[in-house]
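For reference, the structure is listed below as C-alpha cells.
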Amino acid sequence: MKRMLTTLALSLSLALPLQAQAQDKLTLMLDWFVNPDHGPIILAREKGYFAEAGLEVEIVTPADPNDPPRMVAAGRVDLAVSYQPQLHLSRHAGLPLVRVGTLVETPLTCLVVLADGPVQSIPDLKGRKVGFAVAGVQEVMLNAMLAHHGLTPKDVEQINIGWSISPALMSGQVDAVIGAFRNFELNQLALEGKTGRCFFPEAEGIPSYDELIYVADPTRMDAALIARFLTATERAALDIVNDPDTAWQIFRDTDKALDTDLNRLAWADTWPRFALRPAALDLGRYQRLEAFLAASGATPGGIPAADLAVDVSGATE
C-alpha cells in the first residue's frame, strides 16, 4: 500500500503543470523603466518561459539609474541590468559584482547633439554644456571621447540631467548629451521634429563593449538558477528575431503605456542587437575595456577579465 501511495503521489506531481509546482524566486532590477531594451525579459515572462524553467521572476524598476548595481551589492535584488563600463567602475569602487549574462551585445550609448546646432564635431564642444544621466560611467566615456580630440574634462561643463535626456537637449539646457541611446533619443528627437546627430563611442577611441549586461554578487548568487533564467531569455530572444512584429505586439500589449510611437520605432532599432546567446562570454571585451579605462586614468586597472565576467551556462543544481 505504501508503495502504491508513493507511486500515485509521484504521478500526480508529474501531471501538475510546472506553474503549479513550487518555483524558485528571483528578483531582477532593470536599469531604467520598462522599454524595448528589455524585450527578451518581458517576452520570457509573457510566453511562460520563466515558469517553464521553474522560476518566479519579480521585475522591478529603479528610482535612480545609479541604483541597480548598488542594490545587487546590498543583497536587495538577485540580478540587475547594468552596463559593462559601469561594471568595471563598480568593481574598482569595491562593489562585489560580476557579469553573468548579456542582454544587448552592442554599444547603444552615444553622444547626441542637434544636427542643426552649433556642435558639428566633438572639438566644437569646447566651452559648452554636456548633460549626463548616470554619474561616473558616462562622465568617463565623455572624457575619453574628448581626449580622443585633444580636449580635457575642464573644456566642457558637465551637468547631471537625470532622466531628462532629450528634453534637456531640445530646451537648450545643454548643448549635447552623453548616455543617450541611439535607438531611443534619435527617434524621440525625430518625433519632436528635430534631427539629432550621434557620435559613437566605439568610433571615438573607446573599445567596443556589451551595452546591457546582467550582474550578480558572486558570493551570493545561485549560478544554476541564473543559468535557467538565461535559457528562458535566450528562447525569447530567438522568438523576437524570428518574428519581431509578433514579438512587438506581445511586448506592447503588456502595458498600455508601452504602446507609443517612440517605443514602436525603438523596437525596430533594438531587436537586431539582442544577445542571442546571453550566457556566452567574450572575455576579450572585458580585458580590453579594463585596460582602456586604466590607460585613460579612469581606474587603476588590474582586475582580470575572468574576475569581471563569468559563464554560468554549465552550472547545475
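Go through the range 53-79 and give me each residue that's touching a helix residue (DSSP H, G or I) at 6+ places or on another chain (Cβ under 8 Å) and aliphatic (A, V, I, L, M). Listed by number, the residues that qualify are 53, 55, 57, 59, 73, 77, 79.
Would a scan of the range 124-135 turn up a residue that is under 19 Å from residue 201 (Cβ atoms), at pLDDT below 90 and open to solvent by 10 Å² or more (accessible area, probe 1.4 Å)? Checked against the condition, which is being under 19 Å from residue 201 (Cβ atoms), at pLDDT below 90 and open to solvent by 10 Å² or more (accessible area, probe 1.4 Å), the range 124-135 yields at least one hit. For the range 97-107, does any single residue satisfy the condition of being in contact (Cβ under 8 Å) with a residue 12 or more places away in the chain, charged (D, E, K, R) and open to solvent by less than 60 Å² (accessible area, probe 1.4 Å)? For the range 97-107, residues in contact (Cβ under 8 Å) with a residue 12 or more places away in the chain, charged (D, E, K, R) and open to solvent by less than 60 Å² (accessible area, probe 1.4 Å): present.
The values are calculated or read from the model by the stated rules, or taken from the named source; none is laboratory data. Just so it is clear, the model here is predicted, and its values are computed rather than measured. All Cβ positions, glycine included, derive from the backbone under ideal geometry; neighbour counts span all protein chains shown. Keep in mind that these areas ignore ligands, DNA and RNA; they rest on the heavy atoms of the full protein, side chains included. Shrake-Rupley method; radii C 1.70, N 1.55, O 1.52, S 1.80 Å.
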